[in-house]
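Okay, so here's the structure we're looking at.
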Amino acid sequence: TIRTIPGVIRPCITTAIPVLNGGMSILLDVGINSDVKPDVLYQFGILGSILAEQIYNIQNPKVGLINIGEEEEKGNLLTQSAHQLMKDSKEFNFIGNIEGRDLFNGKADVIVCDGFTGNVILKQAEALYTLIKRRNIEDEYFERFNYEIYGGTPVLGVNGNVIIGHGISNSNAVKNMIKLSVDTAEAELTKHIRKVFK
């Protein structure tokens, strides 16, 4: 059994969000933790920043909290409380709340939310990609929503290198999952997370 790294409250999973400038953002959590507390969202900011730096070479990644408005006082009790914890953080580069319309424009490199919200966003993006393909629309940007390109995603916060993939993964997705596994191991992602949470 691979347990959680000591100090990590809840592990999480991410997804890559293609942005219009050719880069990508990281959204987390996208499904493991439907209900969380503010301190868990705070830690997601740390975990996402480490992933962005070590795997995607994004230096000093901008961390945004998904919310229904940019203003500090917006949102439900969870996001309001999480914002209070995150706004003075020295552990990551918090830029404040971001709205759903900012998911694809690169405003944040790391986008933090609970697993319920993240999973809805992920499934909506997958559905949009499917609709575009069914309508025979060819577009370089939208092709980057194809899950096969990414293969899988690391489980962040567990005491080992674990990659999970989509349940409908084909051979191309599995190939890219293996590549990501190699990148994750070579970057010593778990070691970097352990160092921060020691």
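The values are calculated or read from the model by the stated rules, or taken from the named source; none is laboratory data. This structure is a prediction, so every number in the text was calculated from the model and none was measured. Cβ sites come from the backbone with ideal geometry, for glycine too, and all protein chains shown count toward neighbours. Accessible surface areas use protein heavy atoms only, side chains included; no ligands, DNA or RNA. Shrake-Rupley method; radii C 1.70, N 1.55, O 1.52, S 1.80 Å.
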Worksheet, complete the sentence: Counted residues in segment 128-148 being open to solvent by 80 Å² or more (accessible area, probe 1.4 Å) and either of a type in the set (D, E, K, R) or closer than 26 Å to residue 11 by Cβ (or both) come to 4
Worksheet item: Name the residues in segment 173-184 that are of a type outside the set (Ser, Thr, Tyr) and open to solvent by less than 50 Å² (accessible area, probe 1.4 Å), would you?
Response: 173, 176, 177, 180
Discussion item. With farther than 19 Å from residue 58 by Cβ, charged (D, E, K, R) and in contact (Cβ under 8 Å) with a residue 40 or more places away in the chain as the only criterion, which of 139, 114, 88, 109 stands out?
Written reply: 114
Worksheet item: In this structure, does residue 56 turn out to be out of contact with any Gly (no Cβ under 6 Å at 6 or more places or on another chain), of a type in the set (Phe, Trp, Tyr) and in a helix (DSSP H, G or I)?
Response: no
Practice prompt. Looking for whichever is over 14 Å from the mean Cα position of the chain (by Cα), within 30 Å of residue 75 (Cα to Cα) and of a type outside the set (Val, Ile, Thr) here; the options are 85, 131, 189. Which one fits?
Written response: 85
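Taking into account only those residues within segment 59-87 that are of a type in the set (S, T, N, Q) and in a loop (DSSP other than H, G, I, E, B), which is surrounded by the fewest Cβ atoms within 10 Å (Cβ to Cβ)?
Once the filter is applied, the top-ranked residue is 59.
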Item to complete: Six or more apart or on different chains, Cβ under 7 Å: which pairs go from a residue in segment 160-171 that's within 16 Å of residue 146 (Cα to Cα) and in a loop (DSSP other than H, G, I, E, B) to one that's of a type in the set (Gly, Ala, Ser) and open to solvent by less than 70 Å² (accessible area, probe 1.4 Å)? Could you list them?
Response: 166/173
Discussion item. Quick check on this structure: which one of 159, 170 is modelled with pLDDT under 90 and either open to solvent by less than 40 Å² (accessible area, probe 1.4 Å) or at negative phi (or both)?
Written reply: 170
Discussion item. Among the residues that make up segment 95-105, is at least one of them hydrophobic (A, V, I, L, M, F, W, C), at pLDDT below 95, surrounded by fewer than 19 Cβ atoms within 10 Å (Cβ to Cβ) and under 30 Å from residue 3 (Cα atoms)?
Written reply: no
Item to complete: State whether the residues of segment 115-123 include one that is modelled with pLDDT under 95, open to solvent by 30 Å² or more (accessible area, probe 1.4 Å) and of a type in the set (Ser, Thr, Tyr).
Response: no
Worksheet item: Out of all the residues in segment 178-195, which are farther than 22 Å from residue 43 by Cα and of a type in the set (A, V, I, L, M, F, W, C)?
Response: 178, 180, 182
Item to complete: Determine whether residue 109 is crowded, with 19+ Cβ neighbours inside 10 Å, under 24 Å from residue 3 (Cβ atoms) and among the acidic types (Asp, Glu).
Response: no
Discussion item. I need a count of the residues in segment 15-56 that are β-branched (Val, Ile, Thr), in contact with a strand residue (DSSP E or B) (Cβ under 8 Å, 6 or more places away or on another chain) and either open to solvent by less than 10 Å² (accessible area, probe 1.4 Å) or at pLDDT 95 or above (or both).
Written reply: 5
